[in-house]
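Reviewing the structure listed below.
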Amino acid sequence: MSLDAAMPRATAPAILPGSGGMRGALSDLFWRRPQLLLFLMLAPPVLWLGIVYIGSLFALLAQSFFSIDEFSGLINHEFTLKTYGDLFQAANLDIILRTMTMAALVTLASAIIAFPIAYYAARYARGRWKALFYLGVMLPLWSSYLVKIYAWKLILAKEGILTWLLAKLHLLWVLDGWLSLPVVGGNSLSVSATGTFIVFVYVWLPFMILPVQAALERVPGNLVEASSDLGASPGQTFRNVLFPLALPGIVAGSIFTFSLTLGDYIIPQIIGTSRLFIGQAVYSQQGTAGNIPLAAAFTVVPIIIMGFYLWGAKRMGAFDAL
Amino acid sequence: MRSDGSQSAPLGLKIAAACGLLFLHLPILLIFVYAFTTEEKSFVWPPPGLTTQWFAVTWNRPDVWQALSLSVRVAAISTAIALILGTLCAAAVSRTKFFGRETISLLVILPIALPGIITGIALRSAFSLADIPFSFWTIVLGHATFCVVVVYNNAVARFRRTSGSMIEASMDLGADGFQTFRHVVLPNIATALLAGGMLAFALSFDEVIVTTFTAGQQQTVPIWMLEELIRPRQRPVTNVVAMVVVLVTLLPILFAYYLTRDGDQIAGSGK
């Protein structure tokens with residue numbers, strides 16, 4: 001790229017003179033052998049990703065077949081399936097099931113909230129409003145992840161703005177009633193599963209809006225009009241025309257919401273109960289417990305789930321909506 | 001929805017869309033209010049009073065400056081690496097069809113398609129197997145890997161819009177491959193690269209999940225914030241840093257948007 005940075009350009013005539021020497025020869029070589037150029041262009045990124053990323057993934061996978069010596073706490077570098085046996089204990093299955101339920105609920109809620117925004121932006125917003133909608137989704141998407149979580153810590157705290165707002169509206173009994181429920185409730189929203197859920201939805205929502213909007217942009221407006229001309233109610237139009245056409249977008253978005261929820265360990269740690277999610281289990285196994293093999297085996301779970309998910313999404317044509 | 005009124009949205013849709021956008025934005029705006037609160041111990045609302053003293057306190061905190069400096073250095077180097085690798089990969093994928101092309105795109109996207117914790121722990125276990133101690137470069141290694149995709153997405157979109165006939169015309173007029181790259185290809189993709197670079201910078205600047213596994217004892221700004229969230233020391237300082245982080249990430253995003261706003265594919269949709 002920097003090879004010809006020194007080229008004079010202001011004085012360059014319309015037809016540049018052919019260059020001789022090494023550079024000319026090299027250029028000719030690339031012209032005659034495009035395969036060589038392609039190879040040279042691909043080599044650095046493929047080597048980087050192949051060694052750093054795929055290599056690391058294999059290192060991780062290899063670790064999951066090691067085991068930890070229960071007495072010395074040292075890692076035993078011999079092939080064994082014992083770690084996977086440990087993975088399928090009731091407590092761990094519980095963690096996996098809890099995480100998947102949360103991921104599914106978060107995905108569903110994101111899709112429901114995302115649809116009106118995406119539909120409005122795709123069909124009705126024009127000109128300046130379109131730009132505004134775009135930035136309106138893009139800015140929260142790119143705002144700092146931790147700051148967003150922190151903002152919700154402020155909102156959901158017992159002395160925070162939500163409690164204040166509900167008190168003003170004389171609706172505190174709703175909150176108290178909800179918090180007294182088992183599983184979803186807790187001392188305050190910031191230490192309840194409901195809080196975790198809200199924050200997950202908030203943080204991943206833009207990832208759902210964008211692909212749904214991309215899918216809806218491709219639906220011609222006259223299709224919706226034709227449907228209503230043929231006597232369909234708005235509800236019927238939505239069920240039979242819009243929804244099926246938006247589905248690849250929703251599936252594409254759900255790849256993100258599902259995968260991100262599966263792997264997150266920071267949100268449930270800061271806002272939520274002491275019940276663990278997969279990400280937290282991985283983190284504590286590799287950190288405080290020092291059991292890297294079990295942590296590695298745990299990460300294989302989301303990889304397999306996402307593998308199936310991506311396979312299904314590909315069959316539904318979701319990748320075209322990415 | 002009659003065809004004569006098709007330019008105006010139903011009221012229900014308008015309300016739902018507006019509520020959705022408010023849901024996305026109000027929490028971030030709240031951060032700005034809390035940066036000025038006089039309350040030190042709790043998150044009480046409404047703030048009992050407003051003050052700017054915490055800005056001065058934050059300014060004099062060396063740990064904040066150290067974290068900021070590390071974050072900026074990591075983000076700059078990772079962005080540079082991602083720019084080179086992402087552009088090369090995008091050029092190769094968009095100019096030729098070859099066996100395994102789909103695999104290459106998948107390879108580039110994988111680091112962000114898989115949950116961050118997997119990337120993180122994979123790198124960590126690779127470092128531990130290879131006996132690599134944690135350093136500045138272990139952080140960069142992780143960040144550059146997932147920043148490639150942002151540059152790649154922007155560059156691929158631009159390459160698709162740049163017609164191949166321009167390159168052929170340049171060659172027909174006697175330019176060699178390097179001249180064509182310098183005078184034809186580069187000016188065409190420059191803004192896309194700049195936008196991709198900014199987004200990569202913002203992504204790296206904000207990354208926390210992978211970084212917790214590759215940083216060891218070093219603190220980037222997000223790691224500093226995470227520590228404060230788990231074990232709060234001085235809440236008002238955290239509020240101020242949060243506000244500054246929002247502003248710092250906002251500018252590159254707006255600028256990247258401005259650079260690519262005329263395209264069919266706009267920067268940032270592929271975080």
Order of A:Thr80, A:Thr163 from fewest to most other C-beta atoms within 10 Å? A:Thr80, A:Thr163
If only Cα atoms are counted, what is the Rg of segment A:21-60, and what is its Dmax, in Å? 15.1, 49
Using a ≥ b ≥ c from the Cα gyration tensor of segment B:16-69 (square roots of the eigenvalues), is it rounded, prolate or oblate, where a/c under 1.5 gives rounded and otherwise the larger of a/b and b/c decides, a/b for prolate? oblate
Taking the Cβ-Cβ separation of B:Ser42 and B:Ser163 as r and a Förster radius of 60 Å, what is the calculated FRET efficiency to the nearest 0.05? 0.50
With R₀ set to 30 angstrom, the calculated FRET efficiency between the beta-carbons of A:His170 and A:Gln236, to the nearest 0.05, is 0.15
Sort B:Asp176, A:Asp176 so that the residue with the fewest other Cβ atoms within 10 Å of its own Cβ comes first and the one with the most comes last. A:Asp176, B:Asp176
Highest-fluctuation residue, A:Pro44, A:Pro140, A:Pro268 considered, GNM on chain A with Cα pairs under 10 Å: A:Pro44
Which FRET efficiency, nearest 0.05, do B:Trp59 and A:Leu74 yield, Cβ-Cβ r, R0 35 Å? 0.15
Checking B:Ala202, B:Ala144, B:Ala16 against a Gaussian network model of chain B (alpha-carbon springs below 10 Å), the top fluctuating residue turns out to be B:Ala16
Name the residue, out of B:Thr212, B:Thr138, B:Thr180, whose mean-square fluctuation peaks in a Gaussian network model built on chain B with Cα pairs under 10 Å. B:Thr180
Reduced to Cα centres, the span from segment A:193-242 to segment B:156-189 in Å works out to 40 Å
Percent relative contact order of segment B:12-65, based on C-alpha pairs within less than 8 angstrom and at least six residues apart? 22 percent
If the only charges are +1 at each Lys and Arg Cβ and -1 at each Asp and Glu Cβ, what is the size of the charge dipole of the protein assembly as shown around the Cα centre, to the nearest 20 debye? 940 debye
Computed helical MRE - 222 nm, chain A, DSSP H runs ≥ 4 contributing -39500 (n - 2.57), nearest 500: -21500 deg cm²/dmol
Compute log10 of I(q)/I(0) for the protein assembly as shown with the Debye formula, placing one identical point scatterer on every Cα and leaving out solvent, at q = 0.11 Å⁻¹, to two decimals. -1.14
Place a point 7 Å from Cα of A:Leu93 in the direction of its Cβ. Which residues in segment A:242-282 have their backbone N less than 20 Å from it? A:275-279, A:281-282
Computed P(r) (all Cα pairs; segment A:199-290; 5 Å bins; percent): 3, 13, 17, 14, 12, 10, 9, 8, 6, 5, 3, 1, 1, 0
Relative contact order for segment B:172-271: what is it in percent, counting Cα pairs under 8 Å that are at least 6 residues apart? 40 percent
What percent does the relative contact order of chain A come to when contacts are Cα pairs within less than 8 Å and at least six residues apart? 23 percent
Full extension between B:Arg73 and B:Leu173 adds, at 0.36 nm per residue less the Cα distance, a length in nm of 31.7 nm
When B:Cys147, B:Cys19 are arranged by how many other beta-carbons sit within 10 Å of their Cβ, fewest first, they go B:Cys19, B:Cys147
Point-to-point label distance, A:Trp178-B:Thr51, nm (Cα→Cβ direction, 7 Å offset): 3.4 nm
Output needed: percent of Cα pairs per 10 Å distance bin for chain A, bins running from 0 to the one holding the longest distance. 5, 17, 22, 21, 17, 11, 5, 2, 0
What's the Kirkwood radius of segment B:61-260 in Å, using all Cα pairs? 18.4 Å
May I ask you to evaluate 6.51 cos²θ - 1.76 cosθ + 1.60, the Karplus curve with θ = phi - 60°, for each residue of segment B:223-239 and list the ³J(HN,Hα) values in order in whole Hz, giving x for glycine and proline? 5, 4, 5, 4, 4, 5, 6, 7, 10, x, 9, 9, 4, x, 5, 4, 4
Collect residues whose amide H, placed 1.01 Å from N in the peptide plane, falls under 5 Å from the amide H of A:Asn76; neighbours closer than 5 in sequence don't count. A:Ser67, A:Ile68, A:Asp69
Computed on Cα atoms, Rg of segment A:145-252 relative to 2.2 N^0.38 Å comes out at 1.52
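Read the figures in this text as sums done on the coordinates, not as results from a lab. Nothing here was measured: the structure is a model prediction, and the numbers come from that model. Ideal geometry is used to build each Cβ from the backbone, glycine not excepted, and the neighbour counts take in all protein chains shown.
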